[in-house]
1. With (1) buried (at least 22 other Cβ atoms within 10 Å of the Cβ); (2) without any contact (Cβ under 8 Å) to a residue 12 or more places away in the chain as the list, and Glu288 as the residue in question, which single condition is left unmet?
2. What are the residue pairs meeting all of these: first residue in the range 136-152, first residue under 14 Å from Val173 (Cα atoms) and outside the structural domain of Val168 (by TED's automatic domain parsing), second residue among the hydroxyl-bearing types (Ser, Thr, Tyr) and surrounded by fewer than 16 Cβ atoms within 10 Å (Cβ to Cβ), Cβ atoms under 7 Å, and 6 or more apart or on different chains?
3. Show the residue pairs that are 6+ apart or on different chains and have beta-carbon atoms under 6 Å apart, the first residue being within the range 31-45 and surrounded by fewer than 22 Cβ atoms within 10 Å (Cβ to Cβ), the second being part of a loop (DSSP other than H, G, I, E, B).
4. Please tell me if Lys24 is basic (Lys, Arg), outside the structural domain of Gln188 (by TED's automatic domain parsing), under 22 Å from Leu401 (Cβ atoms) and touching a helix residue (DSSP H, G or I) at 6+ places or on another chain (Cβ under 9 Å).
5. Looking at (1) loosely packed, with under 14 Cβ neighbours inside 10 Å; (2) closer than 30 Å to Arg95 by Cα; (3) hydroxyl-bearing (Ser, Thr, Tyr), which is the only condition Ser413 fails?
6. If you take the residues in the range 223-267 that are among the basic types (Lys, Arg) and more than 26 Å from Val369 (Cα to Cα), which one is surrounded by the fewest Cβ atoms within 10 Å (Cβ to Cβ)?
7. Among the residues of the range 333-357, which ones are farther than 26 Å from Ala235 by Cβ and among the hydroxyl-bearing types (Ser, Thr, Tyr)?
8. Return only the number of the condition from (1) touching an Asp or Glu at 6+ places or on another chain (Cβ under 7 Å); (2) part of a helix (DSSP H, G or I) that Ser205 does not satisfy.
Amino acid sequence: MIEVDIQATTGCSAEHDVLVLDAKLRQSLVTLRSLGSRGMRAAAVECVNGGGEARRMPGFASRWCARAYKAPGYKAQAGPFLAYIQQILQYRGARVLITSSDSTLALVRNHRSELERWVSIALAKEEALAIACNKERTLQVAERLGLSVPKAMVVHTLQDVATAVHEVGLPAVIKPSETWGWDAEKQQGKRLMCVLVTTLAEAQSAVEQLNRYGGTILFQQYLTGRREAISFLYAKNTFYARFAQWARRTQPPLGGTSVFRQSIALPPDSTEQAERLVREIDLEGYSEVEFRRDTAGKPYIMEINPRLSASVEVAVRAGIDFPYLLYQWASGGKIEAVNTYQTGGWMRYLGGDILTLVQMIRQYGRPGVPSPSQAFYEFLADFFQPSGYDYFDWRDPMPALTAVQAFVERECSRIPERISSSRRVR
């Protein structure tokens with residue numbers, strides 16, 4: 001059925017300017033709107049199990065989505081997905097391919113030479129990605145440059161955990177070196193998250209879980225200060241755009257995708273460190289360098305995101321259209337430098353913020369988690385803060401309605417599982 005959908009268009013002379021993967025994600029929707037509103041033919045791809053699921057993809061619902069491609073899943077087997085993408089490129093054609101998730105980034109990296117026969121991929125060279133996608137290697141480069149990095153230790157086995165606790169201390173953060181891992185037991189890929197641990201037993205359990213996916217595990221100092229991120233469009237030894245934001249809340253609360261963030265002026269200390277790191281790695285294209293400050297306000301480099309980040313809309317609304325700049329770079333065109341942007345603008349991902357509130361209430365008593373009353377008060381008070389909302393645009397309203405429907409259906413479907421889990425705990 002999927003092949004028929006593509007084959008039916010082979011007689012058409014139209015060609016996509018850009019093929020955007022991960023249509024369900026916020027940054028993909030921003031990309032479709034950015035490029036589509038400029039008159040480009042922007043097509044979107046997402047893995048879909050059935051027709052009903054396709055209706056819950058915000059990117060597919062956008063007026064700027066020239067065509068929606070429903071691809072087979074890749075978490076268990078990448079072959080069908082890759083064959084599908086290659087058919088799109090062969091029969092429809094596209095100038096640029098943009099990926100928005102850690103999973104498709106890993107997939108594209110593994111099959112880059114095959115895909116580049118048909119399309120220009122909006123990613124840095126593999127030598128740079130190999131460092132940027134690996135937290136351990138990123139921090140090694142940063143440390144060699146004399147930049148500020150958190151105190152950390154690599155752990156390979158459960159026997160290393162006790163030493164790490166002694167060297168780094170508790171509480172600490174257990175991190176996978178790479179965000180996308182492969183579960184050999186279940187034969188499927190999974191996005192791996194950081195875990196805050198406060199005891200030796202928690203640390204051992206977290207390491208044991210991550211060991212299932214292979215790769216290096218970092219036992220890292222826990223920092224409690226402000227979360228900041230510096231974003232760039234960098235190419236040929238030139239920074240064409242710089243942007244800074246800070247996150248008041250993230251989902252999950254420890255650190256993840258930002259759900260309430262603000263554009264800020266470029267902080268001199270973290271910006272200088274981020275620029276040195278990006279230049280040293282030669283990380284062309286879009287990148288986001290994440291920092292966490294300590295209680296004294298000193299910034300520490302945490303990681304680099306070498307693809308469009310979920311929070312990118314706050315930059316676009318502030319005046320730096322990173323998806324368009326990324327397209328200009330990847331297509332080989334002239335890159336329009338942007339030297340200024342508006343500061344003070346807020347963006348909110350309401351669905352993620354609701355989940356963060358629930359997680360904060362459940363995790364009350366953990367380090368860095370406010371009381372339920374404080375968390376609830378801040379959540380409500382921020383409705384009075386003038387903000388933009390992810391997915392919502394008066395000129396393109398359907399993605400927001402689609403996102404709300406998908407959120408409600410997804411969370412309702414999880415209620416039986418949560419009830420069962422609660423009973424087991426009791």
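The values are calculated or read from the model by the stated rules, or taken from the named source; none is laboratory data. Bear in mind the structure is a predicted one, so any value in this text is a computation, not a measurement. Please note: Cβ atoms are built from the backbone with ideal geometry, for glycine as well, and neighbour counts cover all protein chains shown.
1. (2)
2. Within 7 Å, no pair qualifies.
3. Listed by first residue and then by second, the contacts come to Ser37/Trp64.
4. Values: basic (Lys, Arg): yes; outside the structural domain of Gln188 (by TED's automatic domain parsing): yes; under 22 Å from Leu401 (Cβ atoms): yes; touching a helix residue (DSSP H, G or I) at 6+ places or on another chain (Cβ under 9 Å): yes.
When the stated conditions are applied, Lys24 passes them.
5. Result: Ser413 fails condition (2) only.
6. First, the residues of the range 223-267 that are among the basic types (Lys, Arg): 226-227, 236, 242, 248-249, 261.
Cutting the leftovers down to more than 26 Å from Val369 (Cα to Cα) gives us 236, 242.
Numbers: Lys236: 9, Arg242: 20.
Out of the qualifying residues, it is Lys236.
7. If the condition is that a residue be farther than 26 Å from Ala235 by Cβ and among the hydroxyl-bearing types (Ser, Thr, Tyr), then Tyr349, Thr356 are the ones that fit.
8. (1)
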